[in-house]
Amino acid sequence: MIDEPGDLFPLWDETLFARTSTARVVNRRTDRFGGEALTIALSALATEDQAIARGLYAWLSGIEDVAGALDEQPGVRSERLRSYLDAHPVMAQIRSMQSFGHATAQRGSDPLCAKVIHDVRGGPLTGLLMMLQMAAAGRVAPEDLLRLHFRVRDHRKIMRGALLELDSPRRARDRSINHHNVQLLVEKWSGARVPVAGGAGARVVSVRLDRHFDGSVCESCVEFTALDRVLYNLINNAISHACGGSVQVVLSTVPHDQPTSLLVAVANRVAPFASAALQRRFGDDLTGLFVGGYSTTGSGLGLRICADMVANAYGLDEPEDGLDEGYLGAMLVNDVFGAWFHWPLVDN
């Protein structure tokens, strides 16, 4: 069932689609994007960081087995998860991830390594570790177990998609043809509640998803993982800066009559000081956010990764081409910040 559009951020109907409908979005690839962008060999990391990555991947595997056991009652899975986390504490993984990437960075600056490390440390893991802390304390509702499973599964896919050699057999399977329907995004994000650390403790931000399209969006798990890396970066950014308890995601298509691109838009309300800071730095053109290097809460790499991925998906020469031609972008209307990107649809 397609969600009915809401009026939380009505600007999308008036401003976003008017702007993106004129975008010159052309797929210049002669082959389908296989998610090969922003990858490094695991061996490119320092030995200490390789061990951390392998440890996290194995730890998440155990959680995926428990949370994804759909043949068991939620109460049973909750207890099994608590037992697993008692034996394999969340705090040990949090401490480990706090040092992940430091040894590699000390060997010298490598922009590609930095981007991969960013996604391994972030992505679904950002909210997942807090969800797992709540699960260990018995404070995760049974209906949230499936969403927890989604985030664990997604992060393991992101890790093996970004780190070659981490799990070569599964990565080979991820590359096989396997059409992914937009419904996979709906079931993962519609109504999701994401815990976020704040100055006064944890808060929960909800995600509203409005879908106006039904069909395939990717041809393989590896490609879908690349799409996930873009979407997680945008949603994490929105959640981190949201003034209020919600963000909105809109899935549509361009053009509407014979669609060739999935259009994904993410919006959140921002505080006056954040709005003023953006306007001082970028003026009315917020595409500079996707160049990288600007952040108030993180590394400033997340939006740059979005530009890199989208450019690769469309076969553009440079990510800046995608920004200039409207393949992705951002805008601020009153107190609403919005970012969007296009993704080439699969012939259905």
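The values are calculated or read from the model by the stated rules, or taken from the named source; none is laboratory data. Given the structure is predicted, the values throughout are model-derived calculations rather than measurements. Here the Cβ is made from the backbone with ideal geometry for all residues, glycine too, and neighbour counts use every protein chain on show.
Is there any pair with a first residue in segment 218-247 that is farther than 12 Å from Ala313 by Cα and outside the structural domain of Leu125 (by TED's automatic domain parsing) and a second that is of a type in the set (Phe, Trp, Tyr) and not in a helix (DSSP H, G or I) whose Cβ atoms are under 8 Å apart and which are 6 or more apart or on different chains, and what are they? Matching pairs, first to second residue: Leu234/Phe341; Ala238/Phe337; His241/Phe337. Against the test of being part of a helix (DSSP H, G or I), in the same structural domain as Leu81 (by TED's automatic domain parsing) and over 18 Å from the mean Cα position of the chain (by Cα), the options Asp144, Asp119 yield a single qualifying residue, Asp144.
Please find, among Lys157, Lys188, the residue that is in a helix (DSSP H, G or I) and in contact (Cβ under 8 Å) with a residue 60 or more places away in the chain. Outline the logic, then answer.
Details: Lys188 fails: in contact (Cβ under 8 Å) with a residue 60 or more places away in the chain.
Only one candidate qualifies: Lys157.
For segment 82-91, indicate whether the set of residues that are surrounded by 14 or more Cβ atoms within 10 Å (Cβ to Cβ), out of contact with any Pro (no Cβ under 6 Å at 6 or more places or on another chain) and either of a type in the set (Asp, Glu) or under 26 Å from Leu231 (Cα atoms) (or both) is non-empty. Looking for residues that are surrounded by 14 or more Cβ atoms within 10 Å (Cβ to Cβ), out of contact with any Pro (no Cβ under 6 Å at 6 or more places or on another chain) and either of a type in the set (Asp, Glu) or under 26 Å from Leu231 (Cα atoms) (or both), one finds at least one in segment 82-91, hence yes. Looking only at segment 173-185, decide whether some residue is touching a residue at least 60 places away in the same chain (Cβ under 8 Å) and closer than 17 Å to Leu125 by Cβ. No - not one qualifying residue is present in segment 173-185. The set of residues in segment 221-256 that are farther than 21 Å from Val194 by Cα and either at pLDDT below 90 or basic (Lys, Arg) (or both) comprises Ser252, Thr253, Val254, Pro255, His256. Counting only helices (runs of 4 or more DSSP H) that sit completely within segment 22-110, those holding 1 or more residues that are at negative phi and at pLDDT below 90 correspond to 47-67, 74-87.
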